[in-house]
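The values are calculated or read from the model by the stated rules, or taken from the named source; none is laboratory data. Being a predicted model, the structure only gives us computed values, none of them experimental. Backbone-built Cβ (ideal geometry, glycine too); neighbour counts: all protein chains shown. Calculation scope for accessible area: heavy atoms of the full protein, side chains included, ligands and nucleic acids excluded. Shrake-Rupley method; radii C 1.70, N 1.55, O 1.52, S 1.80 Å.
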Amino acid sequence: KTEFNVNPPQRHRQPRRALHGVLLLDKPLGLSSNDALQRVKRIYRAEKAGHTGTLDPLATGLLPICFGAATKFSQASLDADKAYTAVLRLGQRTVGGDREGEVIAERPVAVTAAALAQACAAFVGEIDQIPPMQSALKKDGKALYEYARAGIEVERAPRRVTIHGIDMLGWDDAALELTISVRCSKGTYIRTLAEDIGEQLGCGAHLAALRRTETGALTLDGAITLDALASLDEPGRDALLHPPDCLVGDWPLLRLAETEAARFLSGLRRRVDQPDRPAVRVYGPEPAAFLGSAHITAGELIADRLLSPIEVQALLNT
């Protein structure tokens, strides 16, 4: 009598790790932000992780990945100003406004350096943008790009954004490509900006390449690629993690004595001799004892997002 083992061998699953920190990832071309997040989460075997702002598969560059306690402050990075390097292909308009779309209009390009600078300067300051159909913005519970894939165009309301500055980095006359650096508020659509600059020049344009270089106080300096990350051992990967407070590193700092810190961490309002502030980062007496974020109103320190005592201790132990 032949016996068969109907229960396949159980694959050993490595336990998840409770990590707290921020990885500066240099996202590759062709990968969605969520796919990049899931790969990083698997590499670290992290219990909890999230990213701080979507980059299209077309875009590369800075994608901060938050672990554990850092996820509580991801909104600060989402709300922060951003910086990009963008390549605009002049003379062609495409479906969707980027290089992946079909060319729908072509016009001759005859520009001068002065005309290029003037066109870029026209969009510095507060401007209204109509979100592109390829965006993740939702209408009636469905993302706009889902309508676009179905060949449906829906009406979109303009959104007010701020362009802090546009610098010209280069002009390739042969390829008809203009490279610019853009510093802007959250929610700015660079492909829309590319199209608008093209219309300002009278020749049309689409976005040929996009790279995010900054988000708030975080920059590409020290960012790592997925391939380089995967080649490291566990201690090497862990050494790349920045503390959670790097997401709010440009906020004013307030340090509390031990007794006051314990009360603040329990959610109690504290009296402080400080002016009103919309956002502060709060610490206990130890340099690394990040407790959370708060605001100050009428001399009261009011908690917004708090770490747990276990999370604070974990940061002190690193």
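Go through (1) open to solvent by less than 20 Å² (accessible area, probe 1.4 Å); (2) in a strand (DSSP E or B); (3) more than 30 Å from Val109 (Cα to Cα) and name the single condition Ala303 misses.
(1)
Looking only at the stretch 41-56, which residues are in contact with a helix residue (DSSP H, G or I) (Cβ under 7 Å, 6 or more places away or on another chain), closer than 27 Å to Gln313 by Cα and open to solvent by less than 10 Å² (accessible area, probe 1.4 Å)?
Tyr44, Thr52
Filter the stretch 173-190 down to the residues that are open to solvent by 20 Å² or more (accessible area, probe 1.4 Å) and either at pLDDT 95 or above or under 18 Å from Ala119 (Cβ atoms) (or both) and list them by number. Give the steps one after another, and end with the answer.
Within the stretch 173-190, the subset open to solvent by 20 Å² or more (accessible area, probe 1.4 Å) is 173-177, 179, 181, 183, 185-187, 189.
If the condition is that a residue be open to solvent by 20 Å² or more (accessible area, probe 1.4 Å) and either at pLDDT 95 or above or under 18 Å from Ala119 (Cβ atoms) (or both), then Asp173, Ala174, Ala175, Leu176, Glu177, Thr179, Ser181, Arg183, Ser185, Tyr189 are the ones that fit.
Please determine, by comparing only the residues of the stretch 215-234 that are closer than 27 Å to Glu311 by Cβ and not hydrophobic (A, V, I, L, M, F, W, C), which one is least open to solvent (accessible area, probe 1.4 Å).
Across the stretch 215-234, the extreme among qualifying residues is Thr215.
Mind checking which pairs have a first residue in the stretch 292-304 that is farther than 14 Å from Trp251 by Cα and a second that is among the polar types (S, T, N, Q) and open to solvent by less than 10 Å² (accessible area, probe 1.4 Å), Cβ under 8 Å, 6 or more apart or different chains?
Every condition considered, the pairs that remain are Ala303/Ser293.
Being open to solvent by less than 100 Å² (accessible area, probe 1.4 Å) and within 18 Å of Glu286 (Cα to Cα) is the filter here; which residues of the stretch 262-276 pass it?
Result: Ala262, Phe264, Leu265, Ser266.
Among residues belonging to the stretch 291-300 that are of a type outside the set (Ser, Thr, Tyr) and either out of contact with any strand residue (DSSP E or B) (no Cβ under 7 Å at 6 or more places or on another chain) or part of a strand (DSSP E or B) (or both), point out the one that is surrounded by the fewest Cβ atoms within 10 Å (Cβ to Cβ).
Selected residue: Ala298.
Could you give me the residue pairs with C-beta distances under 7 Å whose first residue belongs to the stretch 271-283 and is at pLDDT 95 or above, whose second residue is charged (D, E, K, R) wherever it lies, and which are 6+ apart or on separate chains?
Arg271/Glu300; Arg281/Asp245; Tyr283/Arg255
On the basis of being touching a residue at least 40 places away in the same chain (Cβ under 8 Å), open to solvent by 10 Å² or more (accessible area, probe 1.4 Å) and basic (Lys, Arg), does Arg212 make the cut?
Working: touching a residue at least 40 places away in the same chain (Cβ under 8 Å): yes; open to solvent by 10 Å² or more (accessible area, probe 1.4 Å): no; basic (Lys, Arg): yes.
It is false that Arg212 is touching a residue at least 40 places away in the same chain (Cβ under 8 Å), open to solvent by 10 Å² or more (accessible area, probe 1.4 Å) and basic (Lys, Arg).
For the list (1) within 22 Å of Glu106 (Cβ to Cβ); (2) among the hydrophobic types (A, V, I, L, M, F, W, C); (3) at pLDDT below 95, I need the number of the one condition that Ala217 fails.
Evaluating Ala217 over (1) within 22 Å of Glu106 (Cβ to Cβ); (2) among the hydrophobic types (A, V, I, L, M, F, W, C); (3) at pLDDT below 95 leaves (1) as the failure.
Please find, among Thr192, Thr213, Thr162, Thr219, the residue that is touching an Asp or Glu at 6+ places or on another chain (Cβ under 9 Å) and of a type in the set (Ser, Thr, Tyr).
Working: Thr192 fails: touching an Asp or Glu at 6+ places or on another chain (Cβ under 9 Å); Thr213 fails: touching an Asp or Glu at 6+ places or on another chain (Cβ under 9 Å); Thr219 fails: touching an Asp or Glu at 6+ places or on another chain (Cβ under 9 Å).
From the options Thr192, Thr213, Thr162, Thr219, the qualifying one is Thr162.
Would you mention how many residues in the stretch 239-290 are among the charged types (D, E, K, R) and part of a helix (DSSP H, G or I)?
Residues flagged as among the charged types (D, E, K, R) and part of a helix (DSSP H, G or I) within the stretch 239-290 amount to 4.
Can you pull out every residue in the stretch 235-255 that is aliphatic (A, V, I, L, M) and either open to solvent by 80 Å² or more (accessible area, probe 1.4 Å) or without any contact (Cβ under 8 Å) to a residue 40 or more places away in the chain (or both)? Before you say what the answer is, go through the steps one by one.
Let us first name the residues in the stretch 235-255 that are aliphatic (A, V, I, L, M), namely 239-241, 247-248, 253-254.
Result: Ala239, Leu253.
Determine, yes or no, whether Val154 is touching a Gly at 6+ places or on another chain (Cβ under 9 Å) and not acidic (Asp, Glu). Before you say what the answer is, go through the steps one by one.
Values: touching a Gly at 6+ places or on another chain (Cβ under 9 Å): no; not acidic (Asp, Glu): yes.
No: the conditions fail for Val154.
In this structure, does Leu201 turn out to be closer than 19 Å to Asp98 by Cβ and open to solvent by 10 Å² or more (accessible area, probe 1.4 Å)? Before you say what the answer is, go through the steps one by one.
Working: closer than 19 Å to Asp98 by Cβ: yes; open to solvent by 10 Å² or more (accessible area, probe 1.4 Å): yes.
Spelling it out, Leu201 is indeed closer than 19 Å to Asp98 by Cβ and open to solvent by 10 Å² or more (accessible area, probe 1.4 Å).
If Leu201 meets every condition in (1) at pLDDT below 95; (2) within 17 Å of Arg89 (Cβ to Cβ) apart from one, which number is that one?
(1)
Determine the pairs where a residue that is free of Cβ contacts under 8 Å to residues at least 24 places away in the same chain and under 16 Å from Leu25 (Cβ atoms), located within the stretch 67-88, has a partner that is open to solvent by less than 10 Å² (accessible area, probe 1.4 Å) and in a helix (DSSP H, G or I) with Cβ atoms under 8 Å apart, the partner being 6 or more residues away or on another chain.
none
Considering Thr213, Thr179, which residue is under 30 Å from Tyr44 (Cα atoms), among the hydroxyl-bearing types (Ser, Thr, Tyr) and assigned to a strand (DSSP E or B)?
Working: Thr179 fails: under 30 Å from Tyr44 (Cα atoms).
Sole residue among the options that is under 30 Å from Tyr44 (Cα atoms), among the hydroxyl-bearing types (Ser, Thr, Tyr) and assigned to a strand (DSSP E or B): Thr213.
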